[in-house]
1. Note down the magnitude of the dipole of region A:235-333 about its Cα centre, charges +1 on Lys and Arg C-beta and -1 on Asp and Glu C-beta and zero elsewhere, to the nearest 20 debye.
2. Per-residue counts of other Cβ atoms within 10 Å, averaged by peptide: what ranking do you get for B:153-164, C:61-72, B:132-143, highest first?
3. Stick to Cα atoms and the Kirkwood definition of Rh, then tell me Rg/Rh for chain B.
4. With 38 Å as the cut-off, how large is the P(r) tail for chain A, expressed as percent of Cα-Cα pairs?
5. Under a crude label model (7 Å from the Cα following the beta-carbon direction), how far is A:LYS257 from A:HIS96 in nanometres?
6. For B:ASP447, C:ASP82, what's the fewest-to-most ordering of other Cβ within 10 Å of each Cβ?
7. With r as the distance between the Cβ atoms of B:VAL454 and B:HIS64 and R0 = 45 Å, compute the FRET efficiency 1/(1 + (r/R0)^6) and round to 0.05.
8. Given the Cα-Cα distance of A:VAL423 and A:ASN380 and 0.36 nm per residue of separation, how much length would full extension add, in nm?
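No lab work stands behind these numbers, since they all come straight from the coordinates. Please read all numbers here as calculations on a predicted model, not as lab measurements. Glycine also receives a Cβ, built like all others from the backbone with ideal geometry; neighbour counts cover every protein chain displayed.
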Amino acid sequence: MSLGHFHPVLVHLPIGILLLGCFFQLLTVHARFLSLRPALPLIYLLGGLSAVFSSATGYLLSQSGDYDPGTVGLHQWLGICVSVVALLVYGMYRAHAKEALLNVVSVVLIALITLTGHYGGTLTHGSGYLSMALKEDGKGKAAVPPVPDVQRAAVYMHMVQPLLQSRCYSCHGPDKQKGKLRLDTRDLIFKGGEDGKVLVPGSAEESELIKRLLLPLSNEDHMPPKEKPQLTEEEIALLQWWIREGADFNKKVLELKQSEKDKAMLLSFQPGTAKKEQQLADVPAAEVGKADAAAIERLKDAGVVVIPVSSSSNYLSASFVTAGVSPEVLTLLEPLKKQLVWLNIANTALDDRGMQRLAVLENLVRINLSRTSVTDKGLNILKGFSRLQYINLVGTKVTATGIAQLKTLKELKSLYLYQTAIVKDDEPRLKKLFGKADLDFGGYVVPTLEKDTTEVKP
Amino acid sequence: MTRDELNAHRLVKEAKETELRAFTRRHFLKESAMGLGAVAMGALLGSCGFGNKSTNAILYDPAHPLLPKSPPFPGKAKSVIYLHMAGAPSQLELFDYKPELMKMDGQDCPQSLLAGKKFAFITGVPKMLGPQAKFAQHGESRAWISENLPHFATMADEVSFLKAVSTDQFNHAPAQLLIHTGSPRLGRPSMGSWATYGLGTENQNLPGFVVLTSGGSFPDAGKSIWGSGFLPSVYQGVQCRSEGDPVLFIKDPQGMSRDLRKASIDAINASNEQEFATYNDPEILSRISQYEMAYRMQISAPEVMNINDEPQYIHEMYGTQPGRSCFANNVLLARKLVEKGVRYVQLFDWGWDAHGDGPNNSLNIGLKNKCRSIDKPVTALLLDLKQRGLLEETLVVWGGEFGRTPMMENRNGVQNPYNGRDHHTDAFTIWMAGGGIKKGATYGETDEIGYSPVSGKVDAFDIQATILNQLGFDHEQFTYPFQGRPFRLTDVGGKVIHDIIA
Amino acid sequence: MQPEEDRTNTPLQALVTLNDAVYIDIARYFALRMKKNGGKDVNNQIAQGYQWLMYKSIPDTKLKILGNLYRTALNDYKKHPDQARQLLGGQQTDLHPETAALVVVANAMLNLDEAVTKN
């Protein structure tokens, strides 16, 4: 009955009015608040009447049958008690009851309202709603607790169930069954709700459970309702995969078939494998002003290719592929020190002295020094480029000592060291030193197999 | 002119005439007095993205057509090397492992697979043919690669496979055109032309779009695959060679010194500048820049394109054959070119059309030999680019124009003398590496006999969209106005394949 | 020889008209014709050649440019007569540096924008 839907609205009235009344009553214990006394009977009358209307609409709402009868019953009777007691207190005022008695009844009424309210909240949000909020560790609502070794986890018990519990049980669980659907046990999931089955083992596309998750947020059938916390992409993918593989309640993850995509999704629930490694962009996110156009022109005249990294960016990329280096040309780079992020100065006569002139280019993200005359000394300059992600030193005379200096570069992703003066023995040590950066020493050999130079004859 | 070139020429003319006829009508409609309709259409087109985004502005400067330009967003790839295996290599003997097909070997092809399908040569009921190579899983990515590519198998963790590529063209020329120009018909610019139109090239002394062929024959669609279509002709592919003169006619005539050649080009350009002052035709500016570029190429190309100056161990790595024109030589040249800033290098290797009508066209002989000729060079290319720090910025693509059928070909109803497969449009494999592509990934799956895609189906437009994306372009916004409407490489389709992008 | 159904404007096309043996041959005969029928004065020869080519008279500025080219080439061939011989190719009768210089000019004339787009 649609009138029942007014219950959540009306219910605020008795709560507010009666609690205020009780509060005032207790305050009148002190002489200074005696002036409140005359208002109290009216407060209780109004509170009691609104409680009656609340109860009436509450009864109508309970008829929709979406709620757990046990909790509903408790809430209902407690609510009726509130109405009765409120009106009783009004009567007591009219009958000039003793103050002490009124105080006691006020306290009782507060208790009744609290209990009624608590069960009301349980009906709406599910039990543990408050306690969960109090337990929150501030990391956002991870519906599936991190799984240490995802492949060995039990799919339903460790992953699907926690997910359903945090996102679905509040309306489709023991306390409330919207649409007559419960998702908290295997049989009840398979039983479905008033619109039929929600899960078709083997087919995620046909499962209503999944269909509802995939609807656009604006669609009123979308689940979870848009004001509730939503499932992440990975969580939806988890359910899809689980259903596709037969909606098994007992197997471990590794016993089920997984595609590459599935593996990645599953891995995202395992702590330590960051969902998507924060992709360090090749271009700094911060805005920067336009570089001096005259400086760019001078460089172009010297044969250096200077272009913005993208048509909407002021950051610049410079390439010496058709230019030579000279002290003059290198100084021409200095005005671009804020904007220059990519520098290709490979195959030039750049030496350590020349590197000195590059020291001002603090925003460099990528630098290609391949086959230049830079040595360990010149590498010193690179230490100051905290944004460096890519360094190409192929064909230079740098050694392990020189390279080791660079370990302070926190954002370094790739370091190319083919044909340098680094000896093979240094390689493992350097690799360890740099941790997550990728060091490539090259020297790959593609051996010549007999097949490569012969043909299969008919 | 060969007969094929004549035919191609006639087709081009036909295409142009047809388009001219259409042009008039469309133009008329656009300029019709139905102002409101035009406004509405304009609004519709605008909302479809054909609006006034900056990439729609023509990027062509006739005086400096190949100067480097910035893409709309920073692309990971600065260059592309496309390795096209003309003839269509058989995915079932290379990357798409189908043990179920082995079980059906020799059986009649089920009717369900034949009903309603058009084949190039298969007639009647062919027999199923199991994989003619042994497969194994390689690398941490556990990619399936056959014994035909032992070297490339070591690269499994470096590349991303697209196993469910689909096309709708079952003949070589239209299929090749579709993949490279976005249309099975002649007249559209090729991917390399779009790339150089949009990005120019870093090194003005070399062509921006280079084409290298091997295998003994031209690809079926001929020069149109690297043609510039309706883009200014300066963006067409420049065919170079890894043997002999790198570019045809790059050598001055006997008796003309370099200085004299320079003086004569200077004179030609000076005269042309006078001509431009009189007539103001931008094509004249273009011609001036072409002659300047020709001279720069004369100076730079022989040196850059000389693979003989590479050290011996590099030749060993690639398996080059000095003195001959071959795929390995071309691959090494491709590496040198991108090292020097060339934007797009297109390699065509002919001879993969394993129908089984002869030993060279068979899966057990011809295909194996073709594999031997490319296995080492391709592997070397990936490793060499990687060790030089270039793989990150170079997008490498390998593939054919369609796939091959799980059935053995029976031309005219008679089984071919050798094991072979007919053209198959529904499913084939292409791989990509470098330039921001994921390492060790696979996207797309075919059914258990490799006949149809079951997931992750992609087509030529998706591949083009992905390549453009890695270069920094939104394929839907990257257009060129022609005949009154904006055209783009991906025509009206294409979605970037995000699953293989890192 | 490259087929030329399309007047394409590319460095490749430029190299063809500059260096293709066929075009060099044409330049040779063109030069010989200019020398034979253009009178004694080189400027006349060049002007005449332009007239044959374009059916109109050569603008003064262009005549000057081509005249300078002739002089540069002539200096070069006077110093290197063997080069002149090579440029003049097969025919053995006229091996003068003047003729070789004229071939250079003829080659350039055949590459002028107006000449290339006309054909």
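1. Values: 11 positive and 13 negative charges, 79 e Å.
Using only the charged Cβ atoms, the result is roughly 380 debye.
2. Details: B:153-164: 22.9, C:61-72: 19.2, B:132-143: 16.5.
Averaged packing, sorted descending, gives the order B:153-164, C:61-72, B:132-143.
3. Numbers: Rg = 23.6 Å, Rh = 24.0 Å.
Rounded to two decimals, Rg over Rh is 0.99.
4. Details: 60128 of 104653 pairs.
Of the Cα pairs, 57 percent sit more than 38 Å apart.
5. Label-label distance for A:LYS257 and A:HIS96, simple model: 8.7 nm.
6. C:ASP82, B:ASP447
7. Numbers: r = 49 Å, r/R0 = 1.10.
Efficiency computed from Cβ-Cβ geometry: 0.35.
8. Values: separation 43, 0.36 × 43 = 15.48 nm, distance 2.01 nm.
Working it through step by step, the gained length comes to 13.5 nm.
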